[in-house]
1. Quote to one decimal, in nm, the extra length available between Asp260 and Asn272 on full extension: 0.36 nm per residue of separation minus the C-alpha distance between them.
2. Just the Cα atoms of the range 284-329, one point each, no solvent: what log10 I(q)/I(0) does Debye give at q = 0.25 Å⁻¹?
3. Given just the C-alpha atoms of the range 231-382, how large is their convex hull per residue in cubic angstrom?
4. Have a look at Phe373, Ile460, Thr110 and report the one farthest towards the positive end of the charge dipole of the chain, computed about the Cα centre with Cβ charges (Lys/Arg +1, Asp/Glu -1).
5. Restricting things to alpha carbons, tell me how big the range 52-143 is in terms of Rg and Dmax, in Å.
6. Work out, step by step, the length gained on full extension between Thr347 and Gln199: first 0.36 nm times the residue separation, then minus their alpha carbon distance; give nm to one decimal.
7. Lysine pairs, Cα distance under 17 Å, 8 or more residues apart or cross-chain: how many in the range 52-143?
8. Would you mind listing how long the range 348-481 runs along its three principal axes, going by Cα atoms, in whole Å with the largest first?
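Readers should treat all values here as calculations from the given coordinates under stated rules, not as data from a laboratory. Computed from a predicted structure; not experimentally measured. Positions of Cβ are generated from backbone atoms using ideal geometry, with glycine treated the same way; all protein chains shown enter the neighbour counts.
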Amino acid sequence: MQTLETQQAFLSEDFLLNNKYSRKLYHEFAKDQPIIDYHNHLPPSEINSNKKFENISRIWLAGDHYKWRAMRTLGIPETYITGDASDREKFQKWAEAVPYTLRNPLYHWTHLELKRYFDIDELLTKENAGRIFDQTSEMLQGEDFSTCSLLEKMNVEVVCSTDDPTDSLIEHVEFSKKGRNLEMYSAFRPDKSFAVEDQATYNKYLVKLGEISLGQDIESYDELLQALQNRVNYFHARGCRVSDHGLEQLYFFENDLSYDMDGLLQMVRKGNALLPDQAKFFKYQVLKELSKMYHEKGWVQQFHLGALRNTNARMLQFLGPDTGFDSIGDFDQAKALAQYLNALDSTDQLCKTILYNLNPRDNEVMATMIGNFNDGSIKGKIQFGSGWWYMDQKDGMEKQINTLSNMGMVSCFIGMLTDSRSFLSFPRHEYFRRILCNLFGNDVENGELPWDEAWLGKIIQDICYQNAKNYFDFNSKNINF
């Protein structure tokens, strides 16, 4: 029985590593691998400008809806979360909340981030909040705490921002000329191009897309596809090699003539609402054509599936989207997903694809689905993506890794990403790597894997870094000025 004197210290160098095999795998093989963060929401302008933040609240609390949800649950008023309280007051309230986040991943992430970036090896509380606010805010003014320096401190080799087709990518092009070890690429996120549920918003978007891509309004389905093709070409010339989509689920229709796409587009352009089945057909057709464009360019496509968004209408009106009021959805995924992938595969137009599910009940669906379309042409062509959003915590990551191991090939897995809006979130890669190494180490401890140090070490390094490096065609030479 452990006593207070013998228990392992919190966040020690062997945090989450339960035996000698886990520790050896992490410290000697995983820890120092570079990071390829192939999906995040960091602002490209803040990387290109090498921005410094005025204080820790600006870099750590602003935009972090994980923290916002926790604070609201604890009864902290919105003025201290997204409101007009001072940055110091907001940090104070977060510090008061942290001790109550025990067993939530926020507790681990908070203290890992304070320790890795600021060398603060103490628990954040309401009593030390003022001192830590002053200490970290002063440190953030140093050259070592600019955005690029923070990323390089975490050994980040590549970051991929998430960009709308109408974005200029000027920040990416400018950054590519600066000769840093860090590389920044775009990820094409065209969800707005088929978001026909809100006719007014969609029509405004089509005007913007048409002006940028065609120099004219988009009045037909063919013009919409041409506009998107033009932007895919534009992104490709500027180094983009990956797309991303945030969807409830994928759709499929046996008959591609179920509805007239020009007719549907004209209805929307006139401000008329489509019936639910018509809207799904529109999304299916546009997305299918986009997937064909990705294949032609040799891109990777990502599908983030299963989020139930904007569930609180009152708070959506008050704060807008992406403010902490989304949850796990229970959408049917398997049949339409299989049919969608099969429709592309049947004409040999299925590109490298990563599937992420938000509902853990679908882990087995995704892990078996990828095997249906791995055709031997590319190692790990279809991937079961890492635990996403609510699943990027210890239990969620363990379930994802175990399911992939049981029903797929974890040795081909391309590993972790942050999916974050924070420059202080990169210890999540460390968190993932520790969890990964502990699972392998436990298997060795239990006699379920042989202790072949060199081979296991290679597999760990592949999952942490090498598989992703080989999977994506990230190369600054691909950028045309």
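1. 2.8 nm
2. Taken in order of the listed q values, log10 I(q)/I(0) reads -0.82.
3. Cα-based convex hull of the range 231-382, divided per residue, equals 152 Å³.
4. Farthest towards the positive pole: Thr110.
5. Answer for the range 52-143, Rg first and Dmax second: 12.2, 37 Å.
6. Contour length minus the Cα-Cα distance gives 50.0 nm.
7. Numbers: Lys67/Lys90; Lys67/Lys93; Lys67/Lys126; Lys90/Lys126; Lys93/Lys126.
So the count of such lysine pairs works out to 5.
8. 53, 38, 34
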